[in-house]
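Read through the structure below, which is laid out as structure tokens, and then see the notes.
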Amino acid sequence: MNGKVAVVTGASRGIGRAIAVDLARAGADVALFGRDTLALAETKAACEQARAGAKVTVHVADVAVEADVS
């Protein structure tokens, strides 16, 4: 996954968080999307801990709301 960017929705907890961390560990940079700012910050920290040098961006948005993602 080196050189790839993964977009993960629902990244603030549960399966979304686990997927984001696994993708970071596998070498991808990750763009995290979710509604909970504090939980997304925790996911970002977990991704950065999973792989030193991982590029992780946080985007607070509800992907079910078109205005949040346009």
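The values are calculated or read from the model by the stated rules, or taken from the named source; none is laboratory data. Computed from a prediction, not measured in an experiment: that's the story for all the values here. Here Cβ is always computed from backbone atoms with ideal geometry, including for glycine, and neighbour counts include all displayed protein chains. Each accessible area value is taken on the protein alone, full model and side chains, heavy atoms only, with ligands, DNA and RNA left out. Shrake-Rupley method; radii C 1.70, N 1.55, O 1.52, S 1.80 Å.
Look through region 19-44, keep the residues that are in a helix (DSSP H, G or I), out of contact with any helix residue (DSSP H, G or I) (no Cβ under 7 Å at 6 or more places or on another chain) and open to solvent by 50 Å² or more (accessible area, probe 1.4 Å), and return whichever of them is nearest to SER70 (Cα to Cα).
Filtering first and then ranking leaves THR37.
Could you check how many residues of region 1-18 are of a type in the set (S, T, N, Q), buried (at least 16 other Cβ atoms within 10 Å of the Cβ) and part of a loop (DSSP other than H, G, I, E, B)?
So the answer is 1.
Which pairs do you get when a residue that is in contact (Cβ under 8 Å) with a residue 24 or more places away in the chain, found in region 33-55, comes within reach of a residue that is in a loop (DSSP other than H, G, I, E, B) and open to solvent by 50 Å² or more (accessible area, probe 1.4 Å), reach meaning Cβ atoms under 7 angstrom, with the pair 6+ apart or on two chains?
Between residues of region 33-55 that are in contact (Cβ under 8 Å) with a residue 24 or more places away in the chain and residues that are in a loop (DSSP other than H, G, I, E, B) and open to solvent by 50 Å² or more (accessible area, probe 1.4 Å), the close pairs are PHE33/VAL63; ALA39/ARG13.
Out of (1) over 10 Å from the mean Cα position of the chain (by Cα); (2) among the acidic types (Asp, Glu); (3) open to solvent by less than 70 Å² (accessible area, probe 1.4 Å), the odd one out for GLU48 is which?
(3)
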